[in-house]
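Undergrad: Mind looking over this structure? Questions follow.
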Amino acid sequence: MTQYFAGIDIGSTMTKVVIMDSGIISSIIGPTGPEQRRLANKVMEKALHEVNIPFREITYVVATGYGRINVPFADKQITEISCHAKGVAHFFPEAKTIIDIGGQDCKGIRIDNGKPVDFVMNDKCAAGTGRFLEIIADALGIKIEEMGEIGLEGNHPAKISNICTVFAEQEVVARLAEGVSLHNLVAGILESLANRVSRMVNRLHVAEEVVVTGGGAKNVGLVKALSDKLSYTVAVPPEPLLTGAVGAALLGKDIADKTLKDGVSLETKERSLKEIKIF
Amino acid sequence: MAEEEKKEVRKKRRTATKAAASIGPMVKESIGGTIRAKQEGKKLAYTFIVCLYDEILSVMDIVPVWTENYAGVCGAKRDAERFLERAESLGFSRSLCTYALCGLGFDQWREKLGEMPPDAPWGGQARPDMMLSSGQILCDPRNKWYQAAQQFMPDVPIYDVGLPYPLYEDDIEVADVQDYYIKHITEELRGLVTFLEKQTGKKMDYDRLSEFVDLGERTWNMIWETYELRRAVPTPMGTGDAMNTMVPMVFMMGTQQCYDFYLALNKELQDKIARKEGVVEDEKYRLLWGGGLPSWFALTDFNYFNSKGAVFPVETTYRMIEPIYRLNIPDTNDPIERLAWRWFGYWTYWYDKAKKRPGSEPDVERLIQYIEDYQIDGVVMHEAFSCRTWHLGLIWQLNQLKKIYRPIPVLILGKDGEKTKGKRELPSLILESDIIDISSYSEVDTRNRIDAFIETLEQTKKNKV
């Protein structure tokens, strides 16, 4: 009988769900918003609907991300550190270093055989995160999705000195007024972000293969800036937003396999997605 | 089903020992005691912990007002913000030692009002008759804080005791330089005695000082023996408790009350060991608190670690003693000299050991010793942004430890699928916050890091060969 495993990653800006059997059969990515509990239900329903599988047939559900405590139907909650390690190793078995650049935080993880052995987190400052890019894109009047390509065309990246997102925004506007080209400005911003991230990640003694995940991995200019800064080629998974959810589902499979091997019953939550009313 | 609106309720902190639980009332009584002492006309002195002259003050009947302690109390009660903000409004930088900021804000307010600020924690901090500053490692606030406070109390004299941090260098032997340090420290202490005699109109009773210093040394030995009991598996006491039980060590050294406290703690731990009663029922991970003063407003984080089966049998923070036999104190009847040797011996104890291991240095050597003695699975450090003294160099120490000390045997999977034996460093975690300023702290983020660290420890244990 086919077993299905679900991983749900509720990040600060995006919520991701995957359903897997031997591979990914369904995946949903959507904005998180404030009503995480209600949203967790909705995205799971959507993911199940895509493959016409009832929730009761999901063998195990693992939740990860900051919002993992807001997933009442999850059988287990595991941090993104372990889930990203597992997920990245699935795509890159020889990966040793993961850099996850999320909406509101960034992390570095050293892994060995898909297991985390060390990590660093920047959860105190927007300057190494997707939020930094959102604010700057807004200030420049461009779409965040375009930043990477625009930055790649900048041959002389502007030096952005401020490490504070708010003050960097002011600096960018001032440089634009001075006549610095948009391409060079964006290239400078991406370089600045890469500097911040690599300073943090270098605490881990970076080793190859280096993989970048999260929304930041979709920015080709940022990936190049990181590669240049770290002096390592940086690999990107097929869908970098999903590695956490993939890892969560795979860890769920590991748990199910272990209970089978140990001859004990698999403890799960009730398989229903009840509607939750806030008031 | 509608979700109920939840009220925010702070979980009460749990301690594992009765000794630790007794500290809160002890500190409250001590602070109240300084206010009463002031009313009775006794001489009060602002001073810092680990000052080396605890016994001197006792003999001169000077009541110490421990300014760092009071700031810690404000922090623990989450009532430091108004004092920090006041200090910032006076022009002090937010990046300064937040003990000092809290104290300066408090002092200015008290002086302006002519009475304690409203609802001052535990009655407030008594106004001193003198302020005694003293250096310690890199801590320049310990020299500058009281100079800044003197702006608000211009009639209160300051005496600064210059206590050195003996330099560690590969090509300097401790034995070759110790006489210079001892001479300097001794002169500094004698200068302090002269100042105190002038302030009090009393002469120092050196015989009585010898008795206090003897008791202090016996207390150092008692604390050492007691804390070493925590090597037991399961450990009977963790760092959370030690952040309480350090109080007599640093605020009452040389007194019978101090010695009796550790004697009672010793017995309590022995009883727990006999019953195999640990800090937690199922001890899974033994951790070393490798450095950093704690976040006084978030000591419940130790309970959070405990809830995951993680305990801290040992810490470097506030373990300000070594057994006296290690300090090579020569035979001398001069209590001032004995104090000087105690200071020098404590700070230099790890120097010779560090020289024997390539890449090591005293703080790293101490970490290694504790890891081995206490069967440690992982190291946690706390980076408090406002304190250079105890936090500068922590990351370097951790990096160096990882480079030179790899005790975990593992199998490493090579590119061709072959497994080879290797050694790995201990997992480590760095928490980031502050000692007093709660605006630097996020419980959600801190606990997320702790969760991730526990998962890392679990994986490391599973993969151990």
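Undergrad: Per residue of B:424-432, how many C-beta atoms from partner chains lie within 10 Å of its own C-beta, taken as a mean?
TA: Partner-chain Cβ atoms within 10 Å, mean over residues of B:424-432: 3.
Undergrad: For A:V220 and A:C125, what is the calculated FRET efficiency with R₀ set at 25 Å and r taken between the beta-carbons, to the nearest 0.05?
TA: According to the calculation, E is roughly 0.55.
Undergrad: Helix B:335-348: angle to the longest alpha-carbon principal axis of chain B, degrees 0 to 90, nearest 10?
TA: Its long axis makes an angle of about 30 degrees.
Undergrad: Shifting gears a bit: Hey, how many Å between the Cα centroid of segment A:1-78 and the Cα centroid of segment B:267-282?
TA: Using only Cα atoms to place each centre, the spacing works out to 43 Å.
Undergrad: OK, next. Counting pairs of alpha carbon atoms under 8 Å apart in space and at least six apart in sequence, what relative contact order in percent does chain B give?
TA: After rounding, I find 17 percent.
Undergrad: Which FRET efficiency, nearest 0.05, do B:V177 and B:L113 yield, Cβ-Cβ r, R0 56 Å?
TA: It comes to 0.70.
Undergrad: Also: Just to check I understand the Karplus step: with θ = phi - 60° and J = 6.51 cos²θ - 1.76 cosθ + 1.60, what whole-Hz values come out for segment A:53-70, glycine and proline as x?
TA: For segment A:53-70, the Karplus curve yields 10, x, 4, 4, 8, 6, 5, 8, 10, 10, 10, 9, x, 4, x, 4, 6, 9 Hz.
Undergrad: Using the number of other C-beta atoms within 10 angstrom as an exposure proxy, rank B:C51, B:C102 with the fewest first.
TA: B:C51, B:C102
Undergrad: Taking the Cα centre of chain B as origin and charging only Cβ (+1 Lys, Arg; -1 Asp, Glu), how large is the dipole, in debye to the nearest 20?
TA: Around 1100 debye, computed over chain B.
Undergrad: Please go through the residue pairs A:K76/B:K12; B:K77/B:K112; A:K16/A:K274 and name each one whose alpha carbons sit more than 25 Å apart in this structure.
TA: A:K76/B:K12
Undergrad: Give me the number: length gained by fully extending B:E443 to B:N399, i.e. 0.36 nm times residue separation minus the C-alpha to C-alpha distance, one decimal in nm.
TA: Answer, rounded to one decimal: 13.2 nm.
Undergrad: To the nearest 0.05, what FRET efficiency results for A:N202 and A:N155 with a Förster distance of 25 Å applied to their C-beta separation?
TA: Efficiency for this residue pair is about 0.45.
Undergrad: Compute the length gained on full extension between B:E228 and B:K28: take 0.36 nm times their separation in residues and subtract their Cα-Cα distance, giving the result in nm to one decimal.
TA: 69.2 nm
Undergrad: Something else now. Could you work out how far the C-alpha centroid of segment A:216-279 sits from that of segment B:366-439, in angstrom?
TA: If you average the Cα positions of each part, the centres end up 26 Å apart.
Undergrad: A follow-up question, please. Helix B:394-404 sits at what angle to the longest principal axis of chain B, using alpha carbons and giving 0 to 90 degrees rounded to 10?
TA: Here the helix axis deviates by roughly 40 degrees.
Undergrad: Could you run the Karplus curve 6.51 cos²θ - 1.76 cosθ + 1.60 with θ = phi - 60° over segment A:217-233 and give me ³J(HN,Hα) per residue in whole Hz, x for Gly and Pro?
TA: 6, 7, 9, 4, x, 5, 4, 5, 4, 5, 4, 5, 5, 7, 6, 10, 5
Undergrad: Moving to a separate point now. What residues qualify as long-range amide H neighbours of B:D129, i.e. H under 5 Å apart, gap of 5 or more or another chain, H built at 1.01 Å from N?
TA: B:L44, B:A45, B:Y46
Undergrad: Given a cut-off of under 8 Å on Cα pairs at least six residues apart, what relative contact order in percent is computed for segment A:93-235?
TA: That works out to 31 percent.
Undergrad: Over 20 Å between Cα atoms: which of A:K269/B:K284; A:K261/B:K423; B:K419/B:K464 fall into that group?
TA: Long pairs (Cα-Cα over 20 Å): A:K269/B:K284; A:K261/B:K423.
Undergrad: For a footprinting-style exposure proxy, rank B:Y165, B:Y180, B:Y46 by other Cβ within 10 Å, fewest first.
TA: The order, fewest Cβ neighbours first, is B:Y180, B:Y165, B:Y46.
Undergrad: Still on this model: So if the hydrodynamic radius of chain B is defined as the Kirkwood radius over C-alpha pairs, what does Stokes-Einstein give as its diffusion coefficient at 10 °C and 1.306 mPa s, in µm² per second?
TA: Estimated via Stokes-Einstein, D reaches 67 µm²/s.
Undergrad: Once the piece of chain linking B:I137 and B:R14 is laid out straight, how much longer is it, given 0.36 nm per residue of separation minus the C-alpha distance between them?
TA: 41.0 nm
Undergrad: Something else about it: Taking Cα centroids, how far is segment A:107-126 from segment A:157-204 in Å?
TA: 24
Undergrad: Now a separate question. Per 5 Å bin, what is the whole-percent P(r) computed from every C-alpha pair distance within segment A:93-235?
TA: In whole percents, the pair-distance histogram is 2, 11, 21, 24, 19, 11, 7, 3, 1, 0, 0.
Undergrad: So for segment A:93-235, if I pair up every lysine 8 or more residues apart or on another chain, how many of those pairs have alpha-carbons under 17 Å apart?
TA: 9
Undergrad: Considering Cα pairs under 8 angstrom that are at least six residues apart, work out the relative contact order of segment B:18-119 and quote it in whole percent.
TA: 19
Undergrad: Okay, moving on. If you fit an axis through the alpha-carbon atoms of helix A:36-51 and take the longest principal axis of the Cα set of chain A, what angle between them do you get, 0 to 90°, nearest 10?
TA: Compared with the principal axis, the helix lies near 70 degrees.
Any read-out appearing in this document is the output of simple, stated calculations on the displayed coordinates, not a laboratory observation. Computed from a predicted structure; not experimentally measured. Cβ sites come from the backbone with ideal geometry, for glycine too, and all protein chains shown count toward neighbours.
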